[in-house]
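Okay, structure first, notes after.
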Amino acid sequence: MSFDDLWVWEYVFHAEDEISYSRLVRDEVKDIADQLVEMANLGIDPAELGEPTSGTARRHDLPCGGWFTTQSLPYSRPPLLAVVEVVPPFHPL
């Protein structure tokens, strides 16, 4: 397997939005996204991981009470698990 075939994940919104989230939320998104990519690289379809949404994205709950959604892009090189939305918990951390 070449590096072009290994899944990666990335935020697909502005970096300013990413840094507006608390450190806890960013760390939890990273931990879960890393786990999803590990599973994808083992052959598990990431489009089947997490809770379905009304579209093709998948929702993943964060331990802190927030959640985020991902979109699988298997035909990009390298294959991309895009973090398309992050919803922090409603209470301040």
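Before moving on, here are some points about what is shown:
- Taken over the range 79-93, the criterion of being part of a loop (DSSP other than H, G, I, E, B) and either surrounded by 13 or more Cβ atoms within 10 Å (Cβ to Cβ) or modelled with pLDDT of 95 or more (or both) is satisfied by 79, 88, 89.
- Total residues in the range 1-53, condition more than 24 Å from residue 88 (Cα to Cα) and either in contact with a strand residue (DSSP E or B) (Cβ under 7 Å, 6 or more places away or on another chain) or small (Gly, Ala, Ser) (or both): 4
- The strands (runs of 3 or more DSSP E) located wholly in the range 1-76 that include 1 or more residues which are open to solvent by less than 90 Å² (accessible area, probe 1.4 Å) and of a type in the set (A, V, I, L, M, F, W, C) occupy 8-11, 67-73.
- Number of positions in the range 54-93 that are under 15 Å from residue 28 (Cβ atoms) and out of contact with any strand residue (DSSP E or B) (no Cβ under 6 Å at 6 or more places or on another chain): 8
- Residue 54 vs. criteria of a type outside the set (A, V, I, L, M) and under 10 Å from the mean Cα position of the chain (by Cα): no
The values are calculated or read from the model by the stated rules, or taken from the named source; none is laboratory data. Since we're looking at a predicted model, the values are computed, not measured. Cβ atoms come from the backbone with ideal geometry, glycine included; neighbour counts cover every protein chain shown. For accessibility, only protein heavy atoms count, side chains too; no ligands or nucleic acids. Shrake-Rupley method; radii C 1.70, N 1.55, O 1.52, S 1.80 Å.
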